[in-house]
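Got a structure for you, questions after.
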Amino acid sequence: MIYVVGSSNTDMVVKSDKLPAKGETVIGGEFLMNAGGKGANQAVSSARLGGKVCLICKIGNDLFGKQALEQFRHENILTKYIATDRTLPSGIALINVDTEGQNCITVAPGANAALKPEEVSLGMEETGSDDILLVQLEIPLETVRFAINAAHQKRTRVILNPAPAQILPQEIYPYLFAITPNETEAELLTGIRVTSDPTVEQAARILIDKGCKNVIITLGSRGAYLRTSQGGTFITSPSVKATDTTAAGDCFNGALAVTVSEGKPLEQAVAFACGAAAISVTRMGAQSSMPTRREVDQLLFS
């Protein structure tokens, strides 16, 4: 089982010719409203790729929350540990996307900011050594730390996607099976400006020295860099034309969790995750862009 502890949002997306500068209004564009949130995105990614998924999150008692719950059930995601806040609204993300697929995002976390350790604990009691915990940072850090500590006690492998970027307490690094920062997040965590292959390798070594068992630095269209205690390797991504990079990292992490849960070697798991993310950037939206297992297999193996 893959237990995903994280956020659920509704994404309101405007695609236009360019991203607005400070104080600028950009006229013209296409509006879409999609299900999103890093936790929910990663849960959907894993489920569509064949993983058995339990999502632990918090929604508001509103239309957005009810729609999200219905969608999770449609994706065959277990929802028994999803909490509902009676006062706070469901999370919202406002996303601008340009014609190159680049984006800028503002998030109003709503109920996500109120997900408490006690609301996670029941689900974490079910985890074991055959399970995966996948967690991100759109919920309170206190809750993230609780989930990681609980998983460590159960010998559950933990994959941490440290996004949005923030400083992490040193104590959690040794509990991580894998950490998956992008270049920006790796820089914040290590102090190394990740601008070249040598700096990617240097940042990854620092994270290994902090106690992480495995480090995977995602590099956008270039793929990813995998570092273990035995050494490191760059893994390329299939070449595609990007339409919208929103949730590409979430797709990657969901795919990684599935292949790790299946016992695949890490290098193979990262290559699969790169393929899934490559498909996702060719489509608009967050959860709506997540590929199926058949689509990824066709891209990589046909």
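Quote the charge dipole size of the stretch 82-177 about the Cα centre in Debye, to the nearest 20; the model charges only the Cβ of Lys and Arg (+1) and of Asp and Glu (-1).
Working: 6 positive and 12 negative charges, 36 e Å.
Using Cβ point charges on Lys, Arg, Asp and Glu, the stretch 82-177 gives about 180 debye.
Let me have the relative contact order for the stretch 1-87, percent, based on Cα pairs under 8 Å that are six or more residues apart. Don't jump to the answer; show the numbers that get you there.
Numbers: 151 pairs, mean separation 28.4, N = 87.
This gives 33 percent for the stretch 1-87.
Oh, and also: Only Cα pairs under 8 Å and at least 6 apart count here; give the relative contact order of the stretch 179-276 as a rounded whole percent.
On the way: 138 pairs, mean separation 19.7, N = 98.
That works out to 20 percent.
Consider all pairwise Cα distances in the stretch 155-302 and report the whole-number % of them above 28 Å.
Working: 1547 of 10878 pairs.
Across the stretch 155-302, Cα pairs with separations above 28 Å total 14 percent.
How high is the relative contact order of the chain, in percent, with contacts defined as C-alpha pairs under 8 Å that are six or more residues apart?
Working: 733 pairs, mean separation 54.5, N = 302.
Relative CO of the chain lands at 18 percent.
With a ≥ b ≥ c taken as the square roots of the eigenvalues of the C-alpha gyration tensor of the stretch 81-227, please select rounded if a/c is under 1.5 and otherwise prolate if a/b is larger than b/c or oblate if it is not? Numbers along the way, then the final one.
On the way: a/c = 2.21, a/b = 1.17, b/c = 1.89.
Since a/c reaches 1.5 but b/c is at least a/b, the shape of the stretch 81-227 is classed as oblate.
Let me ask something else about it. Quote the charge dipole size of the stretch 221-302 about the Cα centre in Debye, to the nearest 20; the model charges only the Cβ of Lys and Arg (+1) and of Asp and Glu (-1). Mind showing how you got there, number by number?
Values: 7 positive and 6 negative charges, 23 e Å.
Here the size comes out at about 120 debye.
While we're here: Rounded, prolate or oblate: which fits the stretch 216-264, taking a ≥ b ≥ c as square roots of the Cα gyration tensor eigenvalues, rounded meaning a/c under 1.5, else prolate when a/b beats b/c? Can you show the working numbers first?
Working: a/c = 2.35, a/b = 1.37, b/c = 1.72.
It is oblate, given that a/c is not under 1.5 and a/b is not larger than b/c.
Quick check on my link table: of 66/264; 116/213; 52/213; 58/154, which ones sit more than 32 Å apart, alpha carbon to alpha carbon?
Values: 66/264 36 Å; 116/213 27 Å; 52/213 24 Å; 58/154 23 Å.
Pairs exceeding 32 Å: 66/264.
Quote the FRET efficiency, to the nearest 0.05, computed for residue 25 versus residue 142 with a Förster distance R0 of 25 Å and r equal to the Cβ-Cβ distance. Please list the in-between numbers first.
Working: r = 39 Å, r/R0 = 1.55.
According to the calculation, E is roughly 0.05.
Further question on the same structure: What is the dipole size for the chain, taken about its Cα centre, with +1 at each Lys and Arg Cβ and -1 at each Asp and Glu Cβ, in debye to the nearest 20?
Numbers: 27 positive and 31 negative charges, 75 e Å.
It works out to roughly 360 debye.
Return the Rg/Rh ratio of the chain with Cα-based radii and a Kirkwood Rh.
0.94
Once you have the Cα-Cα distance between residue 153 and residue 298, take 0.36 nm times their residue separation minus that, and quote the gain in nm to one decimal. If you can, show how the numbers build up before the last one.
On the way: separation 145, 0.36 × 145 = 52.20 nm, distance 3.86 nm.
Using 0.36 nm per residue and subtracting the Cα-Cα distance, I get 48.3 nm.
Order by neighbour count: 250, 85, fewest other Cβ atoms within 10 Å first, most last.
Ranked by crowding around the Cβ, least crowded first: 85, 250.
So, one more: Going out from 0 in 5 Å bins, what whole percent of all Cα-Cα distances in the stretch 1-148 drops into each bin?
It works out to 2, 10, 19, 21, 17, 13, 9, 6, 3, 1, 0, in whole percents.
Students often check this: by mean Cβ neighbours within 10 Å, which of 95-105, 174-184 ranks highest, and how do the rest follow? Intermediate values should be presented prior to the final figure.
Values: 95-105: 16.5, 174-184: 21.0.
The most tightly packed comes first, giving 174-184, 95-105.
Same structure, new question: Which value at 222 nm does the chain reach when only helices count, each DSSP H run of 4 or more adding -39,500 (n - 2.57), with the total divided by all residues and rounded to the nearest 500 deg cm²/dmol? Provide the component values of the computation, followed by the final result.
Details: 9 runs with 103 residues, N = 302.
That comes out to -10500 deg cm²/dmol.
Sticking with this structure for a sec: How many angstrom lie between the C-alpha centres of the stretch 183-255 and the stretch 82-140?
Taking the Cα centre of the stretch 82-140 as reference, the centre of the stretch 183-255 is 22 Å away.
Further question on the same structure: Residue-wise, which Karplus ³J(HN,Hα) couplings in Hz belong to the stretch 255-272, taking 6.51 cos²θ - 1.76 cosθ + 1.60, θ = phi - 60°, and x for glycine or proline?
5, 4, 4, 4, 6, 5, 5, 7, x, 5, x, 4, 4, 5, 5, 5, 4, 5
For the stretch 93-139, what does the alpha-carbon gyration tensor say about shape, rounded, prolate or oblate, given a ≥ b ≥ c as the root eigenvalues, a/c under 1.5 as rounded, and a/b over b/c as prolate?
On the way: a/c = 6.07, a/b = 1.94, b/c = 3.12.
Oblate, because a/c is 1.5 or more while a/b does not exceed b/c.
Can you tell which of 97, 4, 51 lies farthest toward the positive end of the dipole of the stretch 1-143, using +1 and -1 charges on the Cβ of basic and acidic side chains (Lys, Arg; Asp, Glu)?
97
Pull out the extension gain between residue 66 and residue 282, defined as 0.36 nm times the separation in residues minus the alpha carbon to alpha carbon distance; nm, one decimal. Walk me through the intermediate numbers first.
Working: separation 216, 0.36 × 216 = 77.76 nm, distance 2.83 nm.
Full-extension gain reported as 74.9 nm.
Since every read-out is calculated from the coordinates, none of them should be taken as a lab result. Note that the coordinates shown come from a computational prediction; the quantities given were computed from them, not determined experimentally. Neighbour counts are summed over all protein chains in view; Cβ atoms, including those assigned to glycine, are modelled from backbone coordinates with ideal geometry.
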